[in-house]
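A quick write-up on the structure given underneath.
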Amino acid sequence: MEQLSLFDDRTMQAPLASRLRPETLEEYVGQEHLLGKGKVLRRLIERDQISSMIFWGPPGVGKTTLARIIAGKTRADFVEFSAVTSGIREIKDVMNRAEHSRQMGLRTLLFVDEIHRFNKAQQDAFLPFVEKGSVLLVGATTENPSFEINSALLSRCKVFVLKALETGEIARLLELALESPKGLGNQEIVLEEEQRVAIARFANGDARTALNTLEMAVLNSQIQQDGRILVTDEVLAECMNRRSLLYDKNGEEHYNLISALHKSMRNSDPDAAVYWMCRMLDGGEDPLYIARRLVRFASEDVGMADSQALQVAVAAYQACHFLGMPECDVHLTHAVTYLAMAPKSNALYQACEQCKQDIRQMPAEPVPLHLCNAPTSLMKELRYGEGYIYAHDTAEKLSRMQCLPEALRDRRYYRPTDQGQEAGVRERLSRILLWKSQDGKSQV
């Protein structure tokens with residue numbers, strides 16, 4: 001069989017992601033919260049009321065593409081500027097040309113990629129030109145602009161947060177790539193639905209990664225005798241540098257694996273818990289999804305038995321956010337092992353569920369008057385706050401004041417267990433309840 005080479009066609013030399021770059025809002029995929037019908041950014045673009053702005057979002061979500069579309073829609077000259085290769089002299093040269101164009105009645109949209117890489121002096125060089133409207137500044141950053149962009153410049157820009165693309169959105173892009181003459185539509189490529197989903201999931205919200213992976217898989221596949229290009233699982237797995245990614249993120253296996261992880265930790269089995277966690281990562285699962293489930297587990301299944309568990313889980317989430325795969329796997333292992341070995345209590349979960357049940361089934365009870373705030377004389381006349389006891393003024397730092405609505409008097413939601421640190425909490429709560437039920441002579 002003949003090895004495929006797309007580069008025999010001079011017109012196909014540009015990367016697939018570049019050839020498929022959308023040119024209109026209708027072709028643009030993703031960011032529905034900003035560009036859906038009636039959404040704020042779409043209205044500004046359609047009304048040609050664009051002002052300087054910052055696009056904040058992860059790589060490959062369409063920041064540069066959106067800036068190009070805006071430039072075309074607003075009939076402005078598009079100037080692309082890289083913070084990596086440009087200094088103050090280049091900034092001033094571009095700004096002077098933009099000022100000249102403004103005097104001639106022409107608008108300039110200046111797109112600055114990785115604007116967070118500019119230092120304070122470089123960012124300040126934009127200010128006078130942005131203020132007098134010489135340019136429409138559109139900056140793109142993967143970092144929080146609150147920390148990376150000067151407050152003076154940031155105050156003159158509207159910040160729009162772009163989100164990582166959903167798996168379904170990337171799958172649509174892959175389908176377009178296979179059908180469009182600008183992409184791979186002139187060839188008959190056999191790519192199964194589950195393979196397309198695997199690429200979309202592997203891309204982790206990055207359209208550029210998805211399209212590059214698809215192109216690599218096609219380039220490394222072989223032409224069959226009937227002219228079709230067959231992409232095999234083996235070729236695809238090699239291109240994604242994963243042993244096996246072909247499991248549906250929204251399918252049964254996904255939920256089976258997360259269930260196995262959760263139940264293994266609940267059963268204090270660190271070996272099984274680490275195994276199921278690694279299985280999910282090997283299948284291409286988003287590490288942040290796993291980390292979010294660990295945060296939930298820390299309060300649902302460990303709770304007050306070891307409150308440190310929540311801090312460990314949140315720290316693991318932050319580590320995954322900072323590093324990503326493959327480095328963050330050890331942080332997840334740390335958290336999974338800690339949670340598996342921690343003492344277990346579901347008292348917080350039970351308290352929350354029972355309280356929610358009461359709220360759903362009973363009328364909304366008013367706040368007792370003695371707990372109400374009384375900032376005005378009228379409220380004081382209405383007896384707001386009357387009878388309130390400030391616990392810090394008492395010797396026991398407690399009072400027998402009823403804090404639940406009358407209809408729920410003495411209702412118990414939180415029932416601590418005797419596991420881990422919660423045993424101490426249980427003992428203290430028992431003393432408090434006993435003191436409140438007696439004449440105050442018992443020691444709290």
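Computed quantities for the displayed model
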item	result
With DNA, RNA and ligands ignored, accessible area of MET325 (1.4 Å probe; Å², nearest 10)	70
Within the accessible area of the chain (1.4 Å probe), percent carbon and sulfur	50
Partnerless cysteines, meaning none of the other Cys C-beta atoms lie under 4.7 Å away, in the chain	CYS157, CYS239, CYS278, CYS352, CYS355, CYS372, CYS403
Label-to-label distance, nm, for residues given as ARG431 and PHE147 (7 Å Cα→Cβ offset)	4.2
Full-stretch length increase - SER180, GLU396 - with 0.36 nm per residue and alpha-carbon distance subtracted	70.2 nm
Per-residue SASA entry for ILE290, accessible area with 1.4 Å probe, Å² rounded to 10	0
Stokes-Einstein D (µm²/s) once Rh is taken as the Kirkwood radius of the range 351-443 over alpha-carbon pairs, at 25 °C in 0.890 mPa s	156
Dipole magnitude (debye, nearest 20) for the chain, charges at Cβ of Lys, Arg, Asp, Glu	1980
Spread of Cα-to-Cα distances over 10 Å intervals beginning at zero, given as percent, for the range 120-255	11, 31, 20, 17, 15, 5, 0
Rounded accessible area of ASP93 (nearest 10 Å², 1.4 Å probe)	70
Gain in span if fully extended, ARG409 to ARG75, counting 0.36 nm per residue against the direct Cα distance	113.5 nm
Cleavage-rule hits (trypsin sites (Lys or Arg not before Pro)) in the range 119-208: DSSP loop, at most 10 neighbouring Cβ within 10 angstrom	LYS132
Only Lys, Arg (+1) and Asp, Glu (-1) charged, at Cβ; the range 68-177 dipole about Cα centre in debye	440
The chain: antiparallel DSSP beta bridges as a percent of all, rounded to 5	15
Two-site FRET efficiency, ALA272 against HIS100, from Cβ-Cβ distance with R₀ of 60 Å, rounded to 0.05	0.30
Neighbour net charge for SER101 - beta-carbon separation under 11 angstrom, K R +1, D E -1	+1
Cα-based radius of gyration of the range 255-398 once divided by 2.2 N^0.38 Å, which approximates compact folds	1.51
P(r) of the range 384-425 over all Cα-Cα pairs, binned every 10 Å from zero, in whole percent	22, 32, 38, 8, 0
Enclosed volume per residue, in Å³, of the convex hull spanned by Cα atoms of the chain	234
Set of lysines with alpha-carbon distance to LYS73 below 25 Å, sequence-local pairs under 8 removed	LYS37, LYS39, LYS63, LYS132, LYS158, LYS163, LYS182
Spin-label pair ALA423/MET362, simplified geometry with 7 Å Cα→Cβ offset, distance in nm	3.3
Anchor LYS380: lysines whose Cα lies under 27 Å away (excluding residues fewer than 8 positions away in-chain)	LYS397
Length gained when the stretch VAL40-LEU154 is fully extended (0.36 nm per residue, less Cα-Cα span)	39.1 nm
Rounded accessible area per residue of the chain, 1.4 Å, Å²	55
The range 273-340 versus the range 363-418: alpha-carbon centroid distance in Å	39
Cα-centre dipole for the range 155-249 with unit charges at Cβ (Lys and Arg positive, Asp and Glu negative), debye to 20	720
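The values are calculated or read from the model by the stated rules, or taken from the named source; none is laboratory data. Quick caveat: nothing in here was measured; it's all calculated off a predicted structure. Please note: Cβ atoms are built from the backbone with ideal geometry, for glycine as well, and neighbour counts cover all protein chains shown. To get the accessible areas, we keep the full protein, side chains included, count just its heavy atoms, and leave off ligands, DNA and RNA. Shrake-Rupley method; radii C 1.70, N 1.55, O 1.52, S 1.80 Å.
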